[in-house]
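Inspection log for the structure reproduced underneath, given as structure tokens.
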Amino acid sequence: MKLIRENKEKQRATYFCKDRYRKVWRNTTPAWIKEHVQLLKQHVPGYVLNFGDNWIEYSIIPGVPASTLSHSPEFVDKIYKFCLDSIIETSPYVHGDWSLSNILVDGDKLRLCDWDNLGIYPMTDVRAKLISDLTNAFGTSFQQYTQQS
């Protein structure tokens, strides 16, 4: 296993393990892991490969992070529509972290990874978080969407 990311503040680490990723939490309970895995199996079938008391192993999702691609107006629009569609698709649950590093692009397909924040939230909070994440990602290129509300 190779450590690829550590978040000391959130007390978790992500490892690459040849054909999968393993995320380890140092501040959670086995009950939370089990409940989270059940939600993931329901909303993202095939994503969870295995789990233990403080870790979950995930399948590798093909694609490159959207953060690594050029941000043309068409790309911004495509990402925004994808995020809105994903909110509808998983409702009443939502992904909750629309950082471009969590959106993988594989040709014409877009997929979400890093479902740690999967949960039910008030729709006003969901909308505010989505706008905040995409404004942080795209800056002025995303202003047209924030001005429509």
Would you mind getting the accessible area per residue of the chain, heavy atoms of the protein chains only, 1.4 Å probe, in Å²? 58
Going through the cross-link list K8/K109; K78/K129; K81/K129, which pairs have a Cα-Cα distance over 23 Å in this structure? K8/K109
Scan (1) 17.3; (2) 16.3; (3) 17.7 for the value of Kirkwood radius over Cα pairs in Å calculated from this model and give just the label. (2)
Cα radius of gyration and Dmax for region 91-149 (Å): 12.2, 33
Semi-axes of the equivalent ellipsoid of region 51-103: what are they in whole Å, largest first, if each equals the square root of 5 times a C-alpha gyration tensor eigenvalue? 24, 17, 8
Using a Cα-Cα cut-off of under 12 Å, which aspartates and glutamates could be cross-linked to K10, ignoring same-chain neighbours fewer than 8 residues away? D116
The chain, accessible surface, carbon-and-sulfur percent (1.4 angstrom probe): 50
Using the Cα centre of the chain as the reference point, and only Cβ charges (+1 on K/R, -1 on D/E), how large is the resulting charge dipole? Debye, rounded to the nearest 20. 460
Once the in-chain neighbours fewer than 8 apart are removed, the aspartates and glutamates whose Cα is under 13 Å from K2 read D19
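The values are calculated or read from the model by the stated rules, or taken from the named source; none is laboratory data. Just so we're clear, the structure is a prediction, and the values are computed from it rather than from any experiment. We place every Cβ from the backbone using ideal geometry, glycine too, and count neighbours over all the protein chains shown. All accessible areas refer to the heavy atoms of the entire protein, side chains included, with ligands and DNA or RNA removed. Shrake-Rupley method; radii C 1.70, N 1.55, O 1.52, S 1.80 Å.
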